[in-house]
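Notes follow once the structure below has been shown.
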Amino acid sequence: MLTSAEVSEVTLTFADGAEHVLAVEAGQNVLDAGLAAGLPLLHQCRSGSCSSCLARLTSGHAEHRAGASSSLTPSEKAEGLRLLCMTEAQGGCSFSLGYDSKVGETKPVVAQSFVNAVERVAADVVRLELELAEGSWMTFRPGQFINVTVPGTDVVRSYSMATTPADLPRIELFIRLLPGGVMSDWLENRAAVDDVVTIEGPFGAFFLKDKVKAPHVMIAGGTGLAPMLSMIDTIRATPGKKPPVLLSFGCQTPEGLFALDRLELRGHWLPGLETRLSVDRGTCESARTGNPVAAITADDALPPDAVAYLCGPPGMIAAARAHLEALGLSSENIFAEHFTASGA
Ligand code: FES
């Protein structure tokens, strides 16, 4: 029999209040223990890189495994955020999950799709439109991502959908081109209409929360715009009063900006949407010079119950979290998806 020194009692609470108590053995991570107990925990990579298993430590002590690298920044860890696939409990502790218990009941599936369109939309961004093949189906929440196997290889890359579940069987991705990247090489040199592409999903705990009427702030860096487009279109299509949405979208240079016509159109369709464009370098009539985080200021008078969605590189996410909390937002209302480049 295992002793209490070898087993920790860990409580997991879903956003809908469903609570589960787990016995987590020494050396076991909390995700494995939860999945073994049959809990509907979101996950994907199980190696600390995708953030799908994000949770917030609400009491007790639990750290990431010694020496393990993860996509969380030191400031996010200091705030209590943990990746359950990397986390070992040190005695009794509790975590809250940012999603309802029913969310994890939608299991990822492998599906076949065809290329509908592939086109360069900015200096380093390609729009890839896929259509699910007959007999294939998947659904997702706006903001989630899929894994795409690069045709002709066994290399898998993750991308957020820019389209909504209502657009299925059509799925649209915005993919950043990287020097030497396997996906980039396929997109630039071989991808063609009607190519077959294997996808798997949905994954991720970053998605639009239902029925939130408080103002929404969205900060997107580069192709981090994709999940925001899915969320904005979902807000627009949802019956009832729409929350105000302040979108701050930034790229390194004016040549990197994309989907501007769509954003303009959505500004007409969704009067509560305000879009701010930023570029780090160079000048552009429609964009300010600077980063998309600094484009949100105290003058915006964001209420404490505003919700924020952040998607971009880890440095931008960390800066945005700190900035929004300094402006009075609750850390529990800030949701983030890190985009990290997979160049090889
Ligand atoms: S499943 Fe834990 S970070 Fe991907």
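Using a cutoff of 8 angstrom between alpha carbon atoms and counting only pairs six or more residues apart, the relative contact order for region 129-170 works out to 46 percent. If you count Lys pairs in the chain whose Cα atoms are under 21 Å apart, skipping same-chain pairs closer than 8 places in sequence, the total is 9. In this structure Trp186 has an accessible area near 10 Å², from a 1.4 Å probe over the protein heavy atoms.
Tell me the mean residue ellipticity at 222 nm calculated for the chain from its helices only (DSSP H runs of n ≥ 4, each -39500 (n - 2.57), averaged over every residue, nearest 500). Rounded to the nearest 500, it is -4500 deg cm²/dmol. A simple spin-label model places pseudo-atoms 7 Å from Cα toward Cβ; at Thr238 and Ala123 they are separated by 3.6 nm.
Axis angle, to the nearest 10 degrees, between helix 314-326 and the longest C-alpha principal axis of the chain: 80 degrees.
Once C-alpha pairs closer than 8 Å and six or more residues apart are averaged by separation and normalised to the residue number of region 107-203, the relative contact order reads 41 percent. What number does region 1-153 give for Rg over Rh if you use C-alpha atoms and the Kirkwood radius? The Rg/Rh ratio comes out at 1.06.
Just need the relative contact order of region 7-63 here, percent rounded to a whole number, with Cα pairs under 8 Å and 6+ apart. If you can, show how the numbers build up before the last one.
On the way: 48 pairs, mean separation 11.6, N = 57.
Once normalised by length, the contact order is 20 percent.
Available extension along the chain between Thr253 and Arg190 is 20.0 nm, counting 0.36 nm per residue and deducting the alpha carbon span.
Note on region 216-338: semi-axes of the ellipsoid equivalent to its C-alpha gyration tensor, largest first and rounded to whole Å, are 20, 19, 13. The residue list Thr283, Pro304, Gly328 was ranked by how far each Cα lies along the charge dipole of region 260-344 toward its positive end, using unit charges on Cβ atoms, and Thr283 comes out on top. The charge dipole of region 7-103, taken about its Cα centre with unit charges on the Cβ atoms of Lys, Arg (+1), Asp and Glu (-1) only, comes to about 220 debye. Protein heavy-atom surface of the chain, 1.4 angstrom probe: 51% of the accessible area is carbon and sulfur, with nucleic acids and ligands not counted.
When the trypsin sites (Lys or Arg not before Pro) in region 88-150 are filtered for DSSP coil states and for at most 14 other beta-carbon atoms within 10 Å of their beta-carbon, the remaining sites are Lys102.
The dipole here belongs to the chain: it is taken about the Cα centre, uses +1 on the Cβ of Lys and Arg and -1 on the Cβ of Asp and Glu, and is about 460 debye. Note on the chain: Kirkwood radius taken over Cα pairs, Stokes-Einstein applied at 25 °C and 0.890 mPa s, translational D equal to 117 µm² s⁻¹.
Pull up the DSSP beta bridges for the chain and report the antiparallel fraction as a percent, rounded to 5.
Just about 60 percent of them are antiparallel.
One compactness figure for region 107-203 is 0.98, namely its Cα radius of gyration divided by 2.2 N^0.38 Å.
The values are calculated or read from the model by the stated rules, or taken from the named source; none is laboratory data. For clarity, every value in this text was computed on a predicted model and none was experimentally measured. Positions of Cβ are generated from backbone atoms using ideal geometry, with glycine treated the same way; all protein chains shown enter the neighbour counts. Surface accessibility is based on the protein's heavy atoms, side chains included, excluding ligands, DNA and RNA. Shrake-Rupley method; radii C 1.70, N 1.55, O 1.52, S 1.80 Å.
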